[in-house]
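What follows draws every value from the coordinates through simple rules; no lab data is involved. Everything numeric here is computed off the predicted structure, so don't read it as measured data. Please note: Cβ atoms are built from the backbone with ideal geometry, for glycine as well, and neighbour counts cover all protein chains shown.
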Amino acid sequence: MKIHVVNPNGSAEMTRSLEAEVQSAAGAAGCEVVVTYGGSGVPASIEGYADEAASLMPMLRNIRSQDRAGAAAHVIACFDDTGLDAAREVAEAPVIGICEAALATARIVSKRISIVTTLERSVPIVEELVHRYGAADLVRGVHGTAMPVLDLEGGRGDVMARLLPILGGVVTQDRADALVLGCAGMSQYTAALERGLGVRVIDGVRMSVHIAGALAAAQVKTSKSGAYAAPRSKAGAVFA
């Protein structure tokens with residue numbers, strides 16, 4: 001089974017770090033994985049609504065291409081769940097957003113959840129998703145770290161030194177028993193953060209790959225009888 005993971009942004013370095021994480025998860029799930037990204041002409045990081053909009057068409061093209069090449073499931077590796085509904089229209093295989101996957105996992109293993117993201121401007125975007133996914137009763141807070149997405153690249157040692165005291169304060173403030181990482185770029189720090197904080201740390205990237213593998217094994221496809229029906233053919237339609 002082939003799982004397609006798409007990084008919607010244009011950072012090749014972040015994509016390489018992401019690929020290392022998803023290859024490990026895919027091996028555990030018994031899947032093959034292929035990773036794509038936005039490439040040139042796409043914002044190097046997605047930090048706000050305009051960046052999200054600018055990344056959407058290249059991401060959808062990657063999903064359509066990999067779907068036609070036989071991908072059994074797709075993962076959108078951005079915590080904003082960038083273009084998730086549109087992606088489900090253009091793909092036959094199921095499409096998983098890492099925010100939705102992380103919250104679904106956190107609900108199973110904990111009762112009090114904190115989410116940490118990058119910049120404060122991302123907080124209201126994540127809060128909207130928390131309500132959309134019905135997790136407002138569990139999430140005790142969504143917190144920015146004042147850390148731009150690109151500062152997470154490359155697994156630099158100073159990232160942990162910056163993150164640990166902030167995240168430790170969040171866990172104490174919210175009395176959280178699980179911490180959800182609200183950026184795909186944080187995935188590489190999951191194990192170290194869990195050791196340092198002493199609470200369950202949930203990475204939506206890895207969880208999405210496992211969920212994708214389960215859906216693929218069960219041969220579950222996206223429903224095409226309603227909201228996620230394929231786009232209709234018409235003048236100017238790109239994905240019909």
Report summary line: Note on the range 180-219: residues outside any helix (DSSP H, G or I) and either polar (S, T, N, Q) or touching a Pro at 6+ places or on another chain (Cβ under 6 Å) (or both) are GLN219
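Yes or no, residue by residue, for (1) touching a residue at least 24 places away in the same chain (Cβ under 8 Å); (2) surrounded by fewer than 16 Cβ atoms within 10 Å (Cβ to Cβ):
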| site | (1), (2) |
| --- | --- |
| ALA192 | yes, yes |
| GLY204 | yes, no |
| ILE211 | yes, no |
| VAL220 | yes, yes |
| ALA237 | no, yes |
**Report entry** Scope the range 45-68; condition in contact with a helix residue (DSSP H, G or I) (Cβ under 6 Å, 6 or more places away or on another chain), surrounded by fewer than 20 Cβ atoms within 10 Å (Cβ to Cβ) and closer than 29 Å to THR145 by Cα; matching residues
**Finding:** GLY48
Report task. Can you run down the residue pairs with Cβ atoms below 7 Å, 6 or more apart or on separate chains, where the first is in the range 4-15 and surrounded by 21 or more Cβ atoms within 10 Å (Cβ to Cβ) and the partner is assigned to a helix (DSSP H, G or I) and among the charged types (D, E, K, R)? Result -> SER11/GLU153; MET14/GLU153
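Taking GLU89, is it farther than 22 Å from LYS2 by Cα and among the charged types (D, E, K, R)? Show your work before the answer.
Numbers: farther than 22 Å from LYS2 by Cα: no; among the charged types (D, E, K, R): yes.
Taking the combined requirement at face value, the residue does not satisfy it.
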Query raised in the report: If you take the residues of the range 82-118 that are within 16 Å of the chain's Cα centre (by Cα) and part of a loop (DSSP other than H, G, I, E, B), which of them is nearest to VAL209 (Cα to Cα)?
Result: PRO94
**Report entry** Matching entry among VAL123, VAL149 (being touching a residue at least 24 places away in the same chain (Cβ under 8 Å), hydrophobic (A, V, I, L, M, F, W, C) and under 25 Å from GLY97 (Cα atoms))
**Finding:** VAL149
